[in-house]
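First comes the structure, then the notes that go with it.
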Amino acid sequence: MRQIVLRGPGEFIERETSIPSLVPGEAIVRIRKVGVCGSDFHAFAGRHPAYTYPRVLGHELAGEVIEVDANDFGIRAGDQVAIEPYISCGKCSPCRAGRTNCCEQLRVIGIHVDGGMQGLLSVPLSLLHKSSLLSLDELALVETLGIGAHAVSRSGIRKGQSAVVIGAGPIGLAVVEFVKAAGAEVRVVENNEWRKSFATSLGMRAIAQFDESLSDVVFDATGSASSMAQSLSFVAPAGRLVFVGLTKEPVVIDDSLLHRREVTIYASRNSRGQFPRIVRMLEERQINTQPWVTDRMPLANVPLEFKDLTSRPKLIKAIVDVEEAGG
């Protein structure tokens, strides 16, 4: 079976590996679509703190179940599924408290263990979320939406409040969807003119830079240390600041401003329990991610084309098509 492996920063290779065998409690899934995440770009550049090498990338995954034993999850061969990539231990203190996304032994498929840039993957049944109504592209983007849904849940934003989302990439767009679902007012700040126009085309209020108004909640989805530091300035007194993006660099916070406004700062890590809700919202057409897919490539082209993705001026979300049966 073919795997595309990130051997080290900037270096993809192709290798052959054995086909996985079915084990109790898991299903063999033929990977069909892999969404390329911003964290994959950071891994390629050697700037992400969680990745180790070599690694088969791919944690935004859609596939087809090809082998599974009888089970209580209702998963059968032929089901099309979104794959939740978070494998928690269920035993540590955060897991016992229901904070499985903060598991002390957390393994994320495609980050800590090999992911979806290969033909087949053995996946725990509890991580499979099926739908007969959604396209494979939509199923692949459930994980992206989950990041936004969890960030909004962390913020506690409610109807009648105001929010600003900094960054109109896929994560920022996902945050906007769930702020809107919470009934709050939301604006997007994006200084890239094309991305700003893209957000506007989706019916979002997008501006190139902040005005003087402050918001109850500010979500920073840039992964830029300088932006994250500056974002505190735009939080209203008694408001909340949510860091959705991730950086290896220190974030310098103006402590006097933090205290004067008594701002609460939240980190938002991965997603927890959001997949069923998101699948339902997509099926009910409350969210439309189809315009997000601006680029795609076959799996075999990843070693040659992946680097070029970062320089494409109109990129929102790239999808890797894994078409080979088992390889």
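Could you list the trypsin sites (Lys or Arg not before Pro) in the stretch 282-313 that lie in coil according to DSSP, counting only those with at most 13 other Cβ atoms within 10 Å of their Cβ? Present the calculation step by step, with values, prior to reporting the outcome.
On the way: sites: ARG285, ARG296, LYS307; in loops: ARG285.
For trypsin sites (Lys or Arg not before Pro) across the stretch 282-313 that sit outside H, G, I, E and B with at most 13 neighbouring Cβ atoms in 10 Å, the list reads ARG285.
Using a Gaussian network model of the chain whose springs link C-alpha atoms within less than 10 Å, name the residue from CYS102, CYS92, CYS37 with the highest mean-square fluctuation.
CYS92
Count of lysine pairs in the chain with Cα atoms under 24 Å apart, counting only pairs 8 or more residues apart in sequence or on different chains?
Counting lysine pairs in the chain gives 14.
Gap in Å between the Cα centre of the stretch 172-200 and the Cα centre of the stretch 241-310?
12 Å
Please report, in debye to the nearest 20, how large the charge dipole of the chain is about its Cα centre when each Lys and Arg carries +1 at its beta carbon and each Asp and Glu carries -1 there.
Using only the charged Cβ atoms, the result is roughly 640 debye.
Go ahead and run the numbers for FRET between ALA229 and GLU323, Cβ-Cβ distance against an R0 of 35 Å, rounding to 0.05.
My answer for the efficiency is 0.20.
First select every other residue whose beta carbon is under 12 angstrom from the beta carbon of VAL164; then total the charges, Lys and Arg +1, Asp and Glu -1.
Local charge sum for VAL164: -2.
How much net charge surrounds PHE12 when only the other residues with a Cβ under 13 Å from the Cβ of PHE12 are counted, with Lys and Arg +1 and Asp and Glu -1?
That works out to 0.
Let me know the Rg and Dmax you get for the stretch 163-213 when you use only its Cα atoms, in Å.
So, for the stretch 163-213, Rg and Dmax equal 9.9, 27 Å respectively.
Using the number of other C-beta atoms within 10 angstrom as an exposure proxy, rank GLU284, GLU60 with the fewest first. Don't skip to the answer; put the middle values down first.
Details: GLU284 9, GLU60 31.
Ranked by crowding around the Cβ, least crowded first: GLU284, GLU60.
Every number here is computed from the coordinates shown, using simple stated rules; none is lab data. As the structure is a computational prediction, the values presented were derived from the model and not from experiment. Ideal geometry is used to build each Cβ from the backbone, glycine not excepted, and the neighbour counts take in all protein chains shown.
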